[in-house]
Amino acid sequence: MVAWSRGVSGDLSAAAWLAALRGRAVVWCHGVQIHPYTSHAWVETDGAPVDEPATTSTFLRTMTIPARALTARPRRSHP
C-alpha cells in the first residue's frame, strides 16, 4: 500500500491550474522507486520538474498526463 499525503494532489492541481492561467503547459507525472519502495507525483514544464529535488529524476515514470489534457479551456459565454 502507498501512503499519500493529503496535500499532494491538491498542490499538483494548484500548480497545473496556475501554469494554465499563465499560458504555460505542464505535464503531470507519477512515478515509483523500487528500493526503498516509494511513489511520487510532480509536474514538469519545458521537460524539467517544477520545484522538485534532484532525486526526482531517479523515479521510474508509471503515468504521464500530457499538457493538452491539463490546459484550461475557455468558458462559453451565454446570451
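The slack between I34 and T55, meaning 0.36 nm per residue of separation minus the straight C-alpha distance, is 6.2 nm.
Near H30, once Lys and Arg are set to +1 and Asp and Glu to -1 for all other residues with Cβ below 14 Å from its Cβ, the sum equals -2.
Based on the mean of other Cβ atoms within 10 Å per residue, sort peptides 38-46, 14-22 so the most packed one is first.
In descending order of packing, they fall as 38-46, 14-22.
Highest mean first, what order results for 24-31, 49-56 on Cβ atoms within 10 Å?
Answer by packing, highest mean first, reads 24-31, 49-56.
Taking amide H as placed 1.01 Å from N in the peptide plane, F59 has no amide H partner under 5 Å among residues 5 or more places away or on another chain.
Each value in this text was obtained by applying a stated rule to the coordinates, not by laboratory testing. Predicted model only: the values in this text are computed from it and were never measured. FYI the Cβ positions are ideal-geometry reconstructions off the backbone, even for glycines, and counts take in every protein chain you see.
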